[in-house]
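Q: Quick one: structure below, then a few questions.
The values are calculated or read from the model by the stated rules, or taken from the named source; none is laboratory data. For clarity, every value in this text was computed on a predicted model and none was experimentally measured. Cβ placement follows ideal geometry from the backbone for every residue including glycine, while neighbour counts extend to all protein chains displayed. Side chains are part of the model used for accessible areas, which takes the heavy atoms of the whole protein and leaves out ligands, DNA and RNA. Shrake-Rupley method; radii C 1.70, N 1.55, O 1.52, S 1.80 Å.
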Amino acid sequence: MSAQATVLYDAPGPKARVRNNIIAVVFIAVVVAIAAYVIIVLADNGQLDSEKWSPFVKGTTWTTYILPGLWGTLKAAIVSIILAMILGSVLGIGRLSDHRWVRMLSGTFTEVFRAIPVLILMIFAYYLFADYAIFPSSQLAFAAVVTGLTLYNGSVIAEILRSGIQSLPRGQSEAAVSLGLRKSQTMRIILLPQAITAMLPALISQMVIALKDSALGYIIGYIEVVRSSLQSASYYGNYLPVLIVVAIVMIVINFGLSSLATYIEGRVRSGRRGRGQATTEELELGATEALPGLNK
């Protein structure tokens, strides 16, 4: 076995490296050929003409259409992810409750709303709010989008939280019980901080999903970046360039969030390597601070 072998597989030899390089070159050539073909087709159909792209150098295009739509997308995503984290925390902890009825209620809620498509949740909420006049008409679409995103992403976050807590070593809970901590104190002081730290990358990835799914509000009339951009395209007559620009904007935002998740994950792992696992003395200190009566 090679000295450079990894745990899972041997490092490639000279022939394998040559073969991998050939495959990589062929793949890149195919991608470049497809990109060139697409550009040629677009040019032949006049989609690359300057008048199709000139609206994007006008400030009014951005201030009237794209930026207000982008703010609508971000606003719905931010509000829904905050509410989803609250809902997911309640449901995730509820699924680990000692009371059977709490576990069943939380589990049923999670499985039902995790299985329903987000678009159906938005449409259902929209007509429900409209029939009972729960929200003013100006906020009806926004409320429906936030409700659909909250219910779906909250159910997903509940599963992330539950799996994160259950992945922790059982010795953590057993040590807390031996120190006299109640389950609520064990969850709040010992388990949740570790689970949330481990779940941060997954939570940020869920934010990316919420951001993308907010575009579904277009169906119920919510003014988000896709709808406002299509309004711009109908005015200037440049649908394809508008969609390309919107796609680039969303790619930049999602790439930023994904990079943030990678950065946080790296910081978390390096922090864990630096300080190691919580020692028994640290747990005893936390328990003593939580239960002053232990000192008596």
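Q: From the residues in the range 247-256 that are among the aliphatic types (A, V, I, L, M) and open to solvent by less than 40 Å² (accessible area, probe 1.4 Å), which one is nearest to LYS212 (Cα to Cα)?
A: Filtering the range 247-256 down to residues among the aliphatic types (A, V, I, L, M) leaves 247-253.
Adding the requirement that they be open to solvent by less than 40 Å² (accessible area, probe 1.4 Å) leaves 249-250.
Values: VAL249: 12, MET250: 8 Å.
Ranking the candidates gives MET250 first.
Q: Return yes when ILE23 is loosely packed, with under 15 Cβ neighbours inside 10 Å, modelled with pLDDT of 90 or more and part of a helix (DSSP H, G or I) and no when it is not. Full working, then the answer.
A: Values: loosely packed, with under 15 Cβ neighbours inside 10 Å: yes; modelled with pLDDT of 90 or more: yes; part of a helix (DSSP H, G or I): yes.
So ILE23 fits the description; yes.
Q: Kindly indicate which of SER50, SER54, SER80 is in contact with a Leu (Cβ under 9 Å, 6 or more places away or on another chain) and hydroxyl-bearing (Ser, Thr, Tyr). If you could, list the steps in order and put the result at the bottom.
A: Values: SER50 fails: in contact with a Leu (Cβ under 9 Å, 6 or more places away or on another chain); SER54 fails: in contact with a Leu (Cβ under 9 Å, 6 or more places away or on another chain).
Criteria check complete, one pass: SER80.
A quick yes/no check of all residues on (1) open to solvent by less than 60 Å² (accessible area, probe 1.4 Å); (2) farther than 24 Å from ALA84 by Cα; (3) modelled with pLDDT of 85 or more:
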| residue | (1), (2), (3) |
| --- | --- |
| PRO169 | no, yes, no |
| SER173 | yes, yes, no |
| ARG182 | no, yes, no |
| ALA195 | yes, no, no |
| TYR218 | no, no, yes |
| VAL225 | yes, no, yes |
| ALA233 | yes, yes, yes |
| VAL245 | yes, yes, yes |
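Q: Please work out if VAL79 is assigned to a helix (DSSP H, G or I) and more than 34 Å from the chain's Cα centre (by Cα).
A: Numbers: assigned to a helix (DSSP H, G or I): yes; more than 34 Å from the chain's Cα centre (by Cα): no.
Against the criterion (assigned to a helix (DSSP H, G or I) and more than 34 Å from the chain's Cα centre (by Cα)), VAL79 does not qualify.
Q: Scan the range 37-64 for residues that are among the hydrophobic types (A, V, I, L, M, F, W, C) and either in contact (Cβ under 8 Å) with a residue 60 or more places away in the chain or in contact with a Phe, Trp or Tyr (Cβ under 7 Å, 6 or more places away or on another chain) (or both) and report the count.
A: Our first condition is that a residue be among the hydrophobic types (A, V, I, L, M, F, W, C); within the range 37-64, this holds for 38-43, 48, 53, 56-57, 62.
Right, trim to either in contact (Cβ under 8 Å) with a residue 60 or more places away in the chain or in contact with a Phe, Trp or Tyr (Cβ under 7 Å, 6 or more places away or on another chain) (or both) and you get 42, 53, 56.
Counting residues in the range 37-64 that are among the hydrophobic types (A, V, I, L, M, F, W, C) and either in contact (Cβ under 8 Å) with a residue 60 or more places away in the chain or in contact with a Phe, Trp or Tyr (Cβ under 7 Å, 6 or more places away or on another chain) (or both) gives 3.
Q: Follow-up question, since we're still on this one. Filter the range 139-162 down to the residues that are more than 17 Å from ILE219 (Cβ to Cβ) and among the hydroxyl-bearing types (Ser, Thr, Tyr), then identify the one that is least open to solvent (accessible area, probe 1.4 Å).
A: Checking each candidate, the answer is SER155.
Q: Ok, one more. Go through (1) at pLDDT below 90; (2) farther than 17 Å from ILE157 by Cα; (3) crowded, with 19+ Cβ neighbours inside 10 Å one by one and return the number of the condition PRO136 breaks.
A: Here PRO136 clears every test but (3).
Q: Which count do you get for residues in the range 54-108 that are open to solvent by less than 20 Å² (accessible area, probe 1.4 Å) and closer than 20 Å to LEU151 by Cβ? Please lay out each step first, then the result.
A: Kept after step one, since they are open to solvent by less than 20 Å² (accessible area, probe 1.4 Å), are these residues of the range 54-108: 55, 61, 66, 69, 72-73, 76-77, 80-81, 84, 88, 91-92, 94, 106-107.
With the extra rule that they be closer than 20 Å to LEU151 by Cβ, the set shrinks to 72-73, 76-77, 80-81, 84, 88, 91-92, 94, 106-107.
Residues flagged as open to solvent by less than 20 Å² (accessible area, probe 1.4 Å) and closer than 20 Å to LEU151 by Cβ within the range 54-108 amount to 13.
Q: Further, regarding this structure: Return a yes/no flag: does the range 183-191 have any residue that is under 21 Å from the mean Cα position of the chain (by Cα), within 26 Å of THR108 (Cα to Cα) and of a type in the set (A, V, I, L, M). Give the steps one after another, and end with the answer.
A: Of the range 183-191, the ones under 21 Å from the mean Cα position of the chain (by Cα) are none.
No, the range 183-191 contains no residue that is under 21 Å from the mean Cα position of the chain (by Cα), within 26 Å of THR108 (Cα to Cα) and of a type in the set (A, V, I, L, M).
Q: Which one of the conditions (1) under 22 Å from ILE253 (Cα atoms); (2) touching a helix residue (DSSP H, G or I) at 6+ places or on another chain (Cβ under 6 Å); (3) at pLDDT 90 or above does ILE82 fail to meet, given that it meets all the rest?
A: Against the list (1) under 22 Å from ILE253 (Cα atoms); (2) touching a helix residue (DSSP H, G or I) at 6+ places or on another chain (Cβ under 6 Å); (3) at pLDDT 90 or above, ILE82 comes up short only on (2).
Q: Please determine whether any residue of the range 43-55 is among the basic types (Lys, Arg) and at pLDDT 85 or above. Lay out the reasoning, then the answer.
A: Of all residues in the range 43-55, those among the basic types (Lys, Arg) come to 52.
Subset that is at pLDDT 85 or above: none.
Scanning the range 43-55 turns up no residue that is among the basic types (Lys, Arg) and at pLDDT 85 or above.
Q: Here's another thing I want to ask about it. Which residue out of PHE109, PHE142 is closer than 21 Å to THR73 by Cα and either among the acidic types (Asp, Glu) or more than 19 Å from the chain's Cα centre (by Cα) (or both)? First the steps, then the outcome.
A: Numbers: PHE109 fails: closer than 21 Å to THR73 by Cα.
That would be PHE142, the only listed residue that is closer than 21 Å to THR73 by Cα and either among the acidic types (Asp, Glu) or more than 19 Å from the chain's Cα centre (by Cα) (or both).
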